[in-house]
Structures are given as structure tokens and as C-alpha cells.
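Have a look at the structure below before the remarks.
The values are calculated or read from the model by the stated rules, or taken from the named source; none is laboratory data. Predicted model only: the values in this text are computed from it and were never measured. All Cβ positions, glycine included, derive from the backbone under ideal geometry; neighbour counts span all protein chains shown. Ligands, DNA and RNA are stripped out before the accessible areas are found, and what is left, the full protein with its side chains, is counted by its heavy atoms. Shrake-Rupley method; radii C 1.70, N 1.55, O 1.52, S 1.80 Å.
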Amino acid sequence: ITAVGEEEFLETGAVTIASMLYSVPSIEVDPTLTSLRGGGTTGYGQNVAIHGFEGSGGDAITLMLINGRRWPIQGHGGDTVDPSIIPQLAVDRVDILTAGASAVYGADAIVGVINVVLKRNFEGAISQVNYSQPVHIGQGMRIAASHLHGISWDTGNVTLTAEAYFQQRIRASAIGRDKYTTNFMDLLGFDAT
């Protein structure tokens, strides 16, 4: 089992679990957030697959657990495992089992298991803001903001976390692809921008 936690988040500068998992050699992560999914539905997920294996028809065969409990697969066709739905500040560590575990967990753990372990009994508050700007100034700016707040008392505790992202689009003309368009008004009668 490989365990990655807060130290790896700081070392890699990652703001999401998926971007931190880039540093784990046995895990393949989609290179970028996917903005268009099957059937034209919009989603912004990053699929994570142990050893890059996906089942036939795109079914997920990497199992994701949250605190040891099964989490449903995501995506348009139930084909995506995206641990980044959990805010990074709420994560204590991520345990990765890269060997087949279908005998224990079932068919959706054929290639392995990703277990996201959340912080417990957290006391205090943490806020984090990340800003990045690519080479083309004014194009593609990204801002990620997150907050974690925890209160404990004699008989229990509450931990709340929230995370928000903003990503400015990059115009094709800014990267030298003037003929690229998502405006199909002339051809199909709609604009996809």
C-alpha cells in the first residue's frame, strides 16, 4: 500500500487529489479537466486509473473508498473515478493499493483501490488560495480557493470544508490556432462556447 498525505501535497504544490496523484508512478490521471463528456453533457472531472486500466466500455475497475467505505463511480456512463470531489484540505492521506483486490471488494476493484482518508477531530480553521497564470498573459488564469473549519467539544465534533475553482478559457487565437472554433452557428445553428 502506498500512502500519500499532506507532505506530498506541499512537495508537489497540488491543489487537488488528482493533481497530487500525478506523482504516483502506478496511477494514470487524465492530463486535464474534461469539459465535454458523452452526449454533450458538461462535467469537469479527472479520471484516475491504477496502471491506466479501464474496463470494457469505459467501466471503472479502480475502486474508490472514502474512509474505507465504497464511493459510487462518477461520470456520464459510470466510467470515472475522481477523488478530487473531496476538497484537498479535508484529506489526511490517500492510501493506494495497486494490486487486484476483487476478492475483497468485488469486480470494481480488479486493478486496485484508492482510499481517501479524511481528517478527524480537526480543531481550528485553514484557508488556502492558489493562483496560476500561463505564458499567455490574460488567457487561462486559474484560481482555486478552499477553507476548512473544525470545532470539537466533549461529546463530538464537526468539520466543514468548501472548495471553489475558476478557470478562464484560452482563446484559440491566443495559441496560434485561428481556425479552431466552437461556434457552429453557421453550420449547425448553435454556439458551443
For segment 36-75, enumerate the residues that are modelled with pLDDT under 70, on the phi < 0 side of the Ramachandran plot, open to solvent by less than 70 Å² (accessible area, probe 1.4 Å) and not in a strand (DSSP E or B). Arg37, Gly38, Thr41, Gly55, Ala60
Tell me, yes or no, whether segment 10-25 has at least one residue that is touching an Asp or Glu at 6+ places or on another chain (Cβ under 9 Å), open to solvent by 40 Å² or more (accessible area, probe 1.4 Å), modelled with pLDDT of 85 or more and not basic (Lys, Arg). no
Please go through (1) touching a residue at least 40 places away in the same chain (Cβ under 8 Å); (2) more than 16 Å from Gly13 (Cα to Cα); (3) in contact with a Gly (Cβ under 8 Å, 6 or more places away or on another chain); (4) open to solvent by 60 Å² or more (accessible area, probe 1.4 Å) for Arg93 and return the number of the only condition it doesn't satisfy. (2)
How many residues are within 19 Å of Met20 (Cβ to Cβ), modelled with pLDDT of 85 or more and part of a strand (DSSP E or B) if we restrict to segment 91-126? 14
